[in-house]
1. Starting from the Cα-Cα distance between T26 and N93, subtract it from 0.36 nm times their residue separation and give me the gain in nm to one decimal.
2. Report ³J(HN,Hα) in whole Hz for each residue of segment 159-171, in order, from the Karplus equation J = 6.51 cos²θ - 1.76 cosθ + 1.60 where θ = phi - 60°; Gly and Pro get x.
3. Given a Förster distance of 30 angstrom, what is the FRET efficiency for D273 paired with A161, based on the Cβ-Cβ distance and rounded to 0.05?
4. Calculate, for I292 and A154, the FRET efficiency according to 1/(1 + (r/R0)^6) with r their C-beta to C-beta distance and R0 51 Å; round to the nearest 0.05.
5. Kindly identify segment 154-197 as rounded, prolate or oblate by the Cα gyration tensor criterion: order the square roots of the eigenvalues as a ≥ b ≥ c, call it rounded if a/c is under 1.5, otherwise compare a/b with b/c, prolate if a/b is larger, else oblate.
6. Restricted to Cα positions, what overall size does segment 28-297 have along the principal axes? Three whole-Å values, descending.
7. Roughly what would the spin-label model give for A172 and N113, points 7 Å off Cα along C-beta, in nm?
8. If I model a spin label at L47 and N236 as a point 7 Å from the Cα along the Cα→Cβ vector, what separation in nanometres do I get?
Amino acid sequence: MACSPNYNLEKGRVKILDYYSEVQPTWCSGCGDYAVWASLKRALVELDIAPHEVLLCFDIGCNGNMSDKIAGYRIHSLHGRVLPLAIGAKLANPNVKVIAFAGDGATYSEGMNHFINSIRSNYPITFFVHNNGNYGLTTGQVSATTPQGAPRTANPYGPTALTLNPLELAFALNPSFVARAFSGNINQLTEIMKEAIQYQDKGFAYVDILQACPTYNKETTHEWYLERVRDVKKLNNYNPTDLVRAARIAKNMESHIATGVLYKNDSIPTYLDRIRFSQDNLPVNQVKRHSIEGILKAFI
Ligand code: SF4
Ligand code: MG
């Protein structure tokens with residue numbers, strides 16, 4: 001089945017053109033989504049992952065509008081529900097790389113239970129959160145990561161609940177892989193994405209991407225982040241297996257904001273390790289034992 005009009009199995013290494021879509025972006029000028037889109041394509045190409053070897057799962061939101069701006073197998077979920085959809089796909093066929101995308105609204109509000117349980121169950125997928133501090137697609141409402149006092153549509157005095165630092169929550173759940181990236185640093189974002197995509201068979205690889213939304217977020221802007229982000233690779237003796245230090249360093253979201261792969265622990269069994277599916281019992285292999293010709297004929 002052709003999932004990319006430009007991809008040809010005979011051509012050898014994967015190229016950026018293989019992920020090309022004729023549908024052009026409609027994001028606002030200066031939106032961080034452009035950088036995430038570009039970094040994703042770079043990461044997949046540098047890992048030599050072809051469009052038919054990965055499933056891209058999108059939530060609702062400005063981030064989800066990427067779903068037709070890239071070639072490959074893609075699916076759009078209901079709002080806040082991208083994680084169960086992506087996890088179901090991975091459990092059905094663990095041989096395919098599965099990447100889920102969602103915004104801060106979908107992840108840390110509607111889909112919060114899925115986020116918590118994905119870390120607890122250590123589902124082997126990669127999850128990229130476009131964290132822009134509000135609901136952008138619906139014209140800038142307060143999200144769980146909107147800064148205190150920051151006005152938004154319908155909330156002129158800012159959030160009425162305390163602002164969430166999602167990494168603090170993730171670290172309380174004994175995670176397998178936690179990273180923080182910034183849309184203003186495409187080289188670092190690409191490297192983090194590559195590591196998170198490669199890691200997924202060892203566990204739930206979660207990356208919170210701090211992203212500019214110049215249309216509605218006038219507080220934590222691209223420039224605001226540029227003055228504060230610090231790559232943990234530049235810290236003396238940074239050890240990404242030290243949970244206590246990673247959790248402490250992730251707490252600061254004011255003067256210095258740590259970016260990079262903050263933590264990884266590949267000794268935690270994944271969900272698949274725990275249920276011990278044999279290859280024969282994997283849904284993708286069970287399906288092969290049944291003829292679907294009759295079903296297909298009904299639709300032709
Ligand atoms: Fe990007 Fe914000 Fe515009 Fe959405 S509203 S496209 S997140 S700048
Ligand atoms: Mg958002």
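The values are calculated or read from the model by the stated rules, or taken from the named source; none is laboratory data. Computed from a predicted model, the values in this text were never measured in an experiment. Counting neighbours? That spans all protein chains shown, and the Cβs are built from the backbone with ideal geometry, glycine included. Calculation scope for accessible area: heavy atoms of the full protein, side chains included, ligands and nucleic acids excluded. Shrake-Rupley method; radii C 1.70, N 1.55, O 1.52, S 1.80 Å.
1. 20.8 nm
2. x, 9, 10, 5, 6, 8, 9, x, 5, 4, 5, 4, 5
3. 0.25
4. Efficiency, from the Cβ-Cβ distance: 0.60.
5. Oblate, since a/c reaches 1.5 and b/c is not below a/b.
6. 59, 45, 34
7. Taking the simple label geometry, A172 and N113 are separated by 1.8 nm.
8. The answer from the label model is 3.5 nm.
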